[in-house]
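Report on the following structure.
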Amino acid sequence: MIRMRNIRKIYSTGKVEVEALRGVDLEIEENEFISIMGPSGSGKSTLMNLMGCLDTPTSGEYFLDGQKVENLSPNQLAEIRNQKVGFVFQSFNLLTYATAFENVEVPLIFAGVSSRKRRKRAEKLLEQVGLKDRADHKPTELSGGEMQRVSIARALANQPRLILADEPTGNLDSVSGKEIVDLFEDLWKQGHTIIVITHDNEISTRTKRSIKLKDGLIIDGQ
């Protein structure tokens, strides 16, 4: 699913250059359930952004699902994101004025799915994450755990093979956080590849492999 070779990422801020990743080699097979851990500034989010084609490396090779992607155009990267990757964020990133149902619909609208098929798919996804009865509620009417479930349903809308989650339990209490990890485990058992960026050691014990980053390098779990 993912193959990285000597991936480096340098950010330039004026005269200062920051090397966020310093030569990462990584392989992730299809249908793995993986956590990526490390202290702040270790390169976790940078690595996730590269995996999800939200950014491109300064140098090195990256193959996603067999396709070489590091030199693709922004439009080509956007197409890959829409087809192959679902994102889940700590801050949920939901449209506050839209219902749970409408939030799940958004990726399907951009994908050009018909209204009838959108409705059927969104209803099925909300039922899958246990929110069938909350479809007409807006984010302000939902708990943190429920908002994250909507976010996961939205991430699944276009049937991606890869789910990337950046601190998905960071804004949740321990009970809601456990329920979200349970949901990820269910998705993994259904065949998805799940990669979770986290500071939470409890989450890392639930995943099947834990990769540790420090100072832009993988130090364990490669």
- Cα axis of helix 144-155 to longest principal axis of the chain: angle in degrees, 0 to 90, nearest 10? 80
- Note on the structure: Rounded to the nearest 5, the percent of DSSP beta bridges in the chain running antiparallel is 55
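What per residue convex hull volume, in Å³, comes out for segment 142-222 when only alpha-carbon positions are used?
102
Past 22 Å, Cα to Cα: identify those pairs from Lys68/Lys117; Lys44/Lys124; Lys178/Lys208; Lys124/Lys189; Lys84/Lys189, in the order given.
Too far apart for the 22 Å limit: Lys68/Lys117; Lys44/Lys124.
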- Longest principal axis of the chain (C-alpha) makes with the long axis of helix 174-189 (C-alpha) an angle, in degrees to the nearest 10, of 80
- Can you give me the relative contact order of the chain as a percent, contacts being Cα pairs under 8 Å and 6 or more apart? 31
- Message: Compute the orientation-averaged projected area for segment 83-151 from the convex hull of its Cα atoms and round it to one decimal in nm².
- Response: 4.5
- Item | Rounded tilt (10° steps) of 115-128 against the dominant C-alpha axis of the chain | 80
- By the mean-Cβ-within-10 Å protection proxy, highest first, 99-108, 114-123 rank as 99-108, 114-123
- Express the C-alpha Rg of the chain as a ratio against the empirical globular expectation 2.2 N^0.38 Å, rounded to two decimals. 1.02
- Note on the structure: Sorted on mean Cβ neighbours within 10 Å (highest first), peptides 12-19, 38-45 come out as 38-45, 12-19
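Mean residue ellipticity at 222 nm from the helices of the chain, using -39,500 (n - 2.57) per DSSP H segment of n ≥ 4 over the full residue count, to the nearest 500 deg cm²/dmol?
For the chain, the value works out to -10500 deg cm²/dmol.
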- Query: Under a straight-distance cross-link criterion of Cα-Cα below 14 Å, which aspartates and glutamates are reachable from Lys9, leaving out those fewer than 8 residues away in the same chain?
  - Reply: Glu17, Glu19, Asp25, Asp55, Glu61, Glu70, Asp215
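None of the figures in this text is laboratory data; all of them are computed from the coordinates on show. Because the structure is predicted, anything quoted here is derived from the model rather than measured. Glycine also receives a Cβ, built like all others from the backbone with ideal geometry; neighbour counts cover every protein chain displayed.
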